[in-house]
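Enquirer: Quick one: the structure is below, questions incoming.
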Amino acid sequence: MSGVGTLPATPVVILTGPIQSGKTTALVSWIAERRASGARIGGVLAPVTDGKRHLRSIANGEERILDVAASDGGGSDADVVAIGPHRFYADVFAWARAELLSDLDSVGRAGGCEWVVIDEVGPLELRDEGLEPAVGEALRICTEHDGLRVLLVVRDRLLADVTGRYGLADPIATVIDVTDLSAPISSI
């Protein structure tokens, strides 16, 4: 992806768009481009592979299946985080939170992260589950350290709820709609 111009260097960038509009795909390309330029990026991606959502550490590439498999008998209630018809492994969220906190712990150190990507902030995080409290911690740290920027992925229908919950108004956050070609992700 290439674009004209550069967006303001706000501490938080929000990549938004409808479900399955290419947000994670755009991020994968952006991460590769930025890393080729020497950027240090951590965080987690939530790709869908073979119809199942995974969580992948950007720092080390480790990936775990997030969707509870029907062959697991749906998982026990103690091992599952559910929202609507979706059931996710609680231990995979715990692992992803630990990965995020480890990336955040590197901020300010030589070789530490300049960017932390959180794909994605959604209904679970809004009710303090899923990737919380790591999301809140990332946002707190990025507003206190000039050397860290956070990129959040948020579905378009949840944008107002997420920006309100976390106090992400301009000039703290820049919003990029993945479907808006006039402000591509490569401009950050």
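Enquirer: State which residue is surrounded by the most Cβ atoms within 10 Å (Cβ to Cβ) when the search covers only the stretch 79-95 and only residues that are in a helix (DSSP H, G or I) and touching a helix residue (DSSP H, G or I) at 6+ places or on another chain (Cβ under 9 Å).
Expert: We begin by selecting, within the stretch 79-95, every residue in a helix (DSSP H, G or I); these are 79, 90-95.
Adding the requirement that they be touching a helix residue (DSSP H, G or I) at 6+ places or on another chain (Cβ under 9 Å) leaves 79, 90-91, 93.
Numbers: Asp79: 14, Ala90: 19, Asp91: 13, Phe93: 21.
Out of the qualifying residues, it is Phe93.
Enquirer: Here is a follow-up. Among the residues of the stretch 106-145, write down those that are charged (D, E, K, R) and either in contact with a strand residue (DSSP E or B) (Cβ under 6 Å, 6 or more places away or on another chain) or not in a helix (DSSP H, G or I) (or both).
Expert: Within the stretch 106-145, the first condition is being charged (D, E, K, R), and the residues that meet it are 109, 114, 119-120, 125, 127-129, 132, 137, 140, 144.
Those that are charged (D, E, K, R) and either in contact with a strand residue (DSSP E or B) (Cβ under 6 Å, 6 or more places away or on another chain) or not in a helix (DSSP H, G or I) (or both): Arg109, Glu114, Asp119, Glu120, Arg127, Asp128, Glu129, Glu132.
Enquirer: Which members of the stretch 139-176 meet the condition of being under 9 Å from Val12 (Cβ atoms) and either modelled with pLDDT of 95 or more or surrounded by 16 or more Cβ atoms within 10 Å (Cβ to Cβ) (or both)? Spell out how you get there, then give the answer.
Expert: Of all residues in the stretch 139-176, those under 9 Å from Val12 (Cβ atoms) come to 139, 142-143, 149-152, 166, 168, 172-174.
Selection gives Leu139, Cys142, Arg149, Val150, Leu151, Leu152, Tyr166, Leu168, Ala173, Thr174.
Enquirer: Before we move on, is Val44 part of a strand (DSSP E or B), aliphatic (A, V, I, L, M), modelled with pLDDT of 95 or more and under 19 Å from the mean Cα position of the chain (by Cα)? Explain how you work it out, then say what you get.
Expert: Details: part of a strand (DSSP E or B): yes; aliphatic (A, V, I, L, M): yes; modelled with pLDDT of 95 or more: yes; under 19 Å from the mean Cα position of the chain (by Cα): yes.
Taking the combined requirement at face value, the residue satisfies it.
Enquirer: Could you tell me which residue of the stretch 96-109 is farthest from Glu63 (Cα to Cα), considering only residues that are of a type in the set (A, V, I, L, M) and surrounded by fewer than 19 Cβ atoms within 10 Å (Cβ to Cβ)? Working first, answer last.
Expert: As a first pass, look at the stretch 96-109 and keep what is of a type in the set (A, V, I, L, M): 96, 98, 100-101, 104, 107.
Checking the rest, the ones that are also surrounded by fewer than 19 Cβ atoms within 10 Å (Cβ to Cβ) come to 98, 101.
Working: Ala98: 13, Leu101: 17 Å.
The extreme case among them is Leu101.
Enquirer: Here are the criteria: (1) closer than 25 Å to Thr10 by Cβ; (2) of a type in the set (Lys, Arg); (3) modelled with pLDDT of 95 or more. Tell me which single one Arg109 does not satisfy.
Expert: All conditions pass for Arg109, except number (3).
The values are calculated or read from the model by the stated rules, or taken from the named source; none is laboratory data. These figures come from a predicted structure and were not determined experimentally. Using ideal geometry, Cβ is built from the backbone for each residue, glycine included, and neighbour counts are taken over all protein chains shown.
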